[in-house]
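Quick notes on the structure that follows.
The values are calculated or read from the model by the stated rules, or taken from the named source; none is laboratory data. Note that this is a predicted model, so its numbers are computed, not measured. Methodologically, a virtual Cβ is constructed for each residue, glycine included, from the backbone with ideal geometry; neighbour enumeration extends over all protein chains shown. All accessible areas refer to the heavy atoms of the entire protein, side chains included, with ligands and DNA or RNA removed. Shrake-Rupley method; radii C 1.70, N 1.55, O 1.52, S 1.80 Å.
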Amino acid sequence: MEVDFGGLTYRIGQMPVIEQFHLARKLTPVMAAIAGKDDVLGALGGVLGDMSVEDANFILFGLLKPVSRKLDGGLGWAPVVKGSTLMYQDIALPDLMQIAFASLQRNLGSFLPGL
């Protein structure tokens, strides 16, 4: 699946099922906190604010792991993250969150309802 954000093209790959399981396990409290809420943004902010840095990083980097970015000049694709390092400092926060959400939809959309 390819998506465009910030004028750049990203490829969202499929993550291994065991990684999907562990991400779903970490995301279950988030989904439970926002389920049925009128103020989804407020509920999401509350649960994310209470989440440990380690859990937040596990989720964010886990979602970005299967993502690659199209290189200029037809040079192919390069990973967006390596380990816990973001490889492109020009990705703005709104684009980063949209890329992560696209990966969430691609990899866990059939498991976590409402995505």
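Distant-in-sequence amide contacts of residue 77, defined by a placed amide H-H separation under 5 Å and a gap of 5 or more residues or a different chain, comprise 71.
Under the convention that each Lys and Arg Cβ holds +1 and each Asp and Glu Cβ holds -1, the size of the dipole of region 25-69 around its Cα centre is about 300 debye. Between residue 39 and residue 54, the modelled labels are 3.1 nm apart [label points 7 Å from Cα along Cα→Cβ].
Relative contact order for the chain using alpha-carbon pairs under 8 Å, separation at least 6, rounded to a whole percent? Kindly include the intermediate steps, with their values, before the conclusion.
Values: 118 pairs, mean separation 37.0, N = 115.
In percent, rounded to a whole number, it is 32.
Placing a label point 7 Å from the Cα of residue 19 along the Cα-to-Cβ direction, the residues of region 66-105 whose backbone N falls under 16 Å from that point are 66-69, 78-87, 99-105.
Excluding ligands, DNA and RNA, the accessible surface per residue across region 1-91 is 61 Å² with a 1.4 Å probe.
Take the Cα of residue 26, step 7 Å toward its Cβ, do the same at residue 111, and the gap between the two points is 1.2 nm. Principal-axis analysis of the Cα atoms of the chain puts helix 93-108 at an angle of about 80° to the longest axis. The listed peptides 68-76, 4-12, 43-51, ordered by packing as a protection proxy, come out as 4-12, 43-51, 68-76 (highest mean of other Cβ atoms within 10 Å first).
Annotation: peptides 99-107, 81-89, 21-29, ranked by per-residue average of other Cβ atoms within 10 Å with the highest first, follow the order 99-107, 21-29, 81-89.
Magnitude of the charge dipole for the chain, about its Cα centre and with charges confined to Cβ atoms of Lys, Arg (+1) and Asp, Glu (-1), is about 360 debye.
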